[in-house]
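Every number in this text was worked out from the coordinates using simple rules, so none of it is lab data. Keep in mind it's a predicted model, so treat the numbers as computed, not measured. As a convention, Cβ positions derive from the backbone with ideal geometry for all residues, glycine included, and neighbour counts pool all protein chains shown.
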Amino acid sequence: MPRILAIDYGQKRTGIAITDELQIIASGLTTISSETAIAFLKDYFNKENVAEVLIGEPKQMNGEPSQSAEIIEAFVSKFTKSFPEMKVIRVDERFTSKMAFQTMIDSGLKKKQRQNKGLIDEISATIMLQDYLTRKVI
C-alpha cells in the first residue's frame, strides 16, 4: 500500500512526516530548508511509493487565511506543477505548533531541545498526518 506524506511548509523550514506502508502510524521524517523542498520531494518520491500528500492550510481562529497563507499557496502551486499526478489534500494546521511544543514538554525534552524549531515543524507535520489518519478510519 502506498504511503501518505504530510508537509508543514514554512517560510524557512518545512517539516515532513510519513505513514508506514499500512497507513496506520504517522512518523516524523525530517525537517528541511523550505527552498529545497521540491528537490527533496522529487528524490523521495523516486525512492518511495507515495499516493497522497497533505499540505497544511494555515487559518486564523475565525477560519480566515492567516498571514502565511500566501507563501503556502505559492508552494502548493509549485508542488502541483512539479507533481501533477500526486493527490494533494489540504488540512487545517491550526494549533499544530502549540500541540507539537506541548508534546515535546510531555515527552520530557529539556528546554534546550525544545528550542529546536525544526523539531517542532517535524512534529507538527506528524500531528497533522496522524489526525488525518484517525479521521480517515472513522
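Pairs spanning more than 21 Å between alpha-carbon atoms, out of LYS42/LYS78; LYS78/LYS136; LYS12/LYS136; LYS47/LYS87: LYS78/LYS136; LYS12/LYS136. One chain, two ends: SER33 and GLU85. Fully extended at 0.36 nm per residue, the span grows by 16.3 nm beyond their Cα-Cα distance. Among 17-29, 76-88, 124-136, the peptide with the highest mean count of other Cβ atoms within 10 Å heads the list, and the full ranking is 124-136, 17-29, 76-88. For LEU54, nonlocal amide neighbours, meaning residues 5 or more places apart or on other chains whose placed amide H falls under 5 Å from its own, are LEU5, ALA6, ILE7, ILE89.
Summarising the label geometry, the points placed 7 Å from Cα in the beta-carbon direction at ALA74 and PHE45 lie 2.1 nm from one another.
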